[in-house]
């Protein structure tokens, strides 16, 4: 079952489902929502903190990024919680070279970089997601 909300996605992850799979399924569900109100509703409820600092920060980054990229007009208040930020740098690429670290540092969206998460330029892109080049 695909999670309908980001909070449900975190619950699935905590229940043992693969993080990458669950988050991809959530993004698919988010992108398939019929209205911006439905999209916002899927990120509005605060997911429980897991104790996994990387996951907790990543969830905050995902919610803020989706709200801003999809121009929902508002960002959930809970993304500002200091527990949604890392105290150390996390590069999402395994064993990045110095050149890759530099690239990720400068290409990471602000919603991720502000939480010390360094990832690719379009971290949540999906095959069926919206085309950012279309007006």
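Bear in mind these aren't lab numbers, they're just calculated from the coordinates by the rules spelled out. Since the structure is predicted, the reported quantities are computational estimates derived from the model, not experimental observations. Positions of Cβ are generated from backbone atoms using ideal geometry, with glycine treated the same way; all protein chains shown enter the neighbour counts.
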Exercise. If we count other beta carbons within 10 Å of each Cβ, what is the order of 22, 10, fewest first?
Worked result: 22, 10
Exercise. Using a Gaussian network for the chain with springs between C-alpha atoms less than 10 Å apart, which of these wobbles most: 113, 15, 61?
Worked result: 15
Seminar exercise, completed: Each label sits 7 Å from Cα toward the beta-carbon; between residue 100 and residue 33 the label points are separated, in nm, by 3.3
Exercise. If R0 is 35 Å, what FRET efficiency do you get for residue 81 and residue 18 from their C-beta distance, rounded to 0.05?
Worked result: 0.90
For this session: Please find the FRET efficiency linking residue 41 to residue 114, where r is the Cβ-Cβ separation and R0 is fixed at 22 Å, and quote it to the nearest 0.05.
Result: 0.35
Exercise. Which value at 222 nm does the chain reach when only helices count, each DSSP H run of 4 or more adding -39,500 (n - 2.57), with the total divided by all residues and rounded to the nearest 500 deg cm²/dmol?
Worked result: -14000 deg cm²/dmol
Seminar exercise, completed: Taking Rh as the Kirkwood radius computed over alpha-carbon pairs of the chain and applying Stokes-Einstein at 25 °C with viscosity 0.890 mPa s, one gets a diffusion coefficient in µm² s⁻¹ of 161
